[in-house]
């Protein structure tokens, strides 16, 4: 027979475990939504020239000519510098690991028929040529769309919403949410991601 004021240990353990679980879940959601924002760092890298804006190079070579944009597009070289600048426009540096894990964001990019694979580690965009199987999303674009986005970063949203560039999700919605893709998806397309 229990006396008044006696502690019920199993109830306290369950209560503590429940509070811990709720706290862990809430912090998981918080860190999934609120990753570190590296925008000012990348803005500085672009303005300092550490990340080169491709059009700057091309304007120097064509400033005395009256060549059309098509000729400038033909001069665009698909390389890591172009992919790095494009990725900076997309703000993929703000993607993050799934909270409490070392599972990093991974993106496959196709520009025309050239493939690049990116992994984001603590705000750094690691770029490699080729394809990988373990990717979260696939981004497809072409040189014409790239040139328009480089000239006017506001065109990025138009490119994705009009179909000039495409995003294909590979990972499930939970993974995309956990790594911060869903916030960027809205920036890229102007719409919420609603299809798993």
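The values are calculated or read from the model by the stated rules, or taken from the named source; none is laboratory data. As the structure is a prediction and not an experimental result, all values here were calculated from the model. Cβ placement follows ideal geometry from the backbone for every residue including glycine, while neighbour counts extend to all protein chains displayed.
Applying the selection to region 104-114, what residues are out of contact with any strand residue (DSSP E or B) (no Cβ under 7 Å at 6 or more places or on another chain) and either crowded, with 16+ Cβ neighbours inside 10 Å or outside any loop (DSSP other than H, G, I, E, B) (or both)?
Within region 104-114, just 114 meets the criteria.
Please verify whether residue 120 is buried (at least 19 other Cβ atoms within 10 Å of the Cβ), modelled with pLDDT under 95 and under 25 Å from residue 191 (Cα atoms), treating the condition exactly as stated.
no
If you take the residues in region 151-195 that are assigned to a loop (DSSP other than H, G, I, E, B) and touching a helix residue (DSSP H, G or I) at 6+ places or on another chain (Cβ under 7 Å), which one is farthest from residue 38 (Cα to Cα)?
164
When you look at residue 144, is it modelled with pLDDT of 90 or more and not in a helix (DSSP H, G or I), yes or no?
no
Is it the case that some residue within region 139-152 is surrounded by 17 or more Cβ atoms within 10 Å (Cβ to Cβ) and farther than 14 Å from residue 83 by Cα?
Yes; the residues of region 139-152 include at least one that is surrounded by 17 or more Cβ atoms within 10 Å (Cβ to Cβ) and farther than 14 Å from residue 83 by Cα.
Residues in region 73-103 that are in a helix (DSSP H, G or I) and either without any contact (Cβ under 8 Å) to a residue 60 or more places away in the chain or farther than 24 Å from residue 187 by Cβ (or both): how many?
10
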